[in-house]
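In what follows, a single structure is set out as structure tokens and then discussed.
The values are calculated or read from the model by the stated rules, or taken from the named source; none is laboratory data. Quick caveat, the model's predicted, so the values are computed rather than measured. No Cβ is skipped: glycine too gets one built from the backbone with ideal geometry, and neighbour counts run over all protein chains shown. For the accessible areas, the whole protein counts, side chains as well, though only heavy atoms, and no ligand, DNA or RNA atoms are used. Shrake-Rupley method; radii C 1.70, N 1.55, O 1.52, S 1.80 Å.
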Amino acid sequence: MTPELTVLTLAALLQVVQFALFAAPANRELGPAYTMSSRDAPPARGLSDRTGRLQRALNNHFEGLILFTIACVVVTLSGQSTGFTAACAWIYLAARVLFIPAYAMGLNPARSIIWGIGFLATVLMLIAALV
């Protein structure tokens, strides 16, 4: 397995951890009657600020993971895995790990800077595959 695919696998497992970090407080705050329902109606009460930020961080990772997956697949299938692309992949993962507490704690602009580093690492992987 290429380093990029290893990191992609770890990023997917991070997504699982992120889901648990969000789901546990969301279930406590919204109650099982709502979380096990069809959710056709809005909840009687909303999420706390922190749990809401954990939900947005989770959704953000879903969005970022799509582009990162494309980068990993392109680099791997084209046989262009290098030390540079592997480093970019690890930087992406480190940024995603740091993004969770930065977003949960509302650290602005740190969370945006961390997000930008991960995004740039992904874009550089894509560019590296083209050149």
State the number of residues belonging to segment 20-53 that are closer than 30 Å to L93 by Cβ, exposed (fewer than 15 other Cβ atoms within 10 Å of the Cβ), free of Cβ contacts under 8 Å to residues at least 40 places away in the same chain and of a type outside the set (V, I, T). 5
Being part of a loop (DSSP other than H, G, I, E, B) and open to solvent by less than 70 Å² (accessible area, probe 1.4 Å) is the requirement here; does L107 meet it? no
In segment 41-57, what residues are in contact with a Phe, Trp or Tyr (Cβ under 9 Å, 6 or more places away or on another chain) and assigned to a helix (DSSP H, G or I)? T51, R53, L54, Q55, R56, A57
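Test of understanding: among G83, G118, which residue is out of contact with any helix residue (DSSP H, G or I) (no Cβ under 6 Å at 6 or more places or on another chain), small (G, A, S) and either at pLDDT 95 or above or open to solvent by 50 Å² or more (accessible area, probe 1.4 Å) (or both)? Explain how you work it out, then say what you get.
Values: G118 fails: out of contact with any helix residue (DSSP H, G or I) (no Cβ under 6 Å at 6 or more places or on another chain).
On inspection, the qualifying residue turns out to be G83.
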Filter pass, N60 being open to solvent by 60 Å² or more (accessible area, probe 1.4 Å), over 17 Å from T9 (Cβ atoms) and either of a type outside the set (A, V, I, L, M) or assigned to a helix (DSSP H, G or I) (or both): no
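What is the residue count in segment 1-19 for residues that are under 20 Å from A86 (Cβ atoms), among the β-branched types (V, I, T) and loosely packed, with under 15 Cβ neighbours inside 10 Å?
Looking only at that region, the number is 1.
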Condition met for A12 (closer than 22 Å to R111 by Cβ, touching a residue at least 24 places away in the same chain (Cβ under 8 Å) and in a helix (DSSP H, G or I)): yes
Over segment 63-80, the set of residues open to solvent by 50 Å² or more (accessible area, probe 1.4 Å) and of a type in the set (A, V, I, L, M) is I66, L67, I70, V73, V74, L77
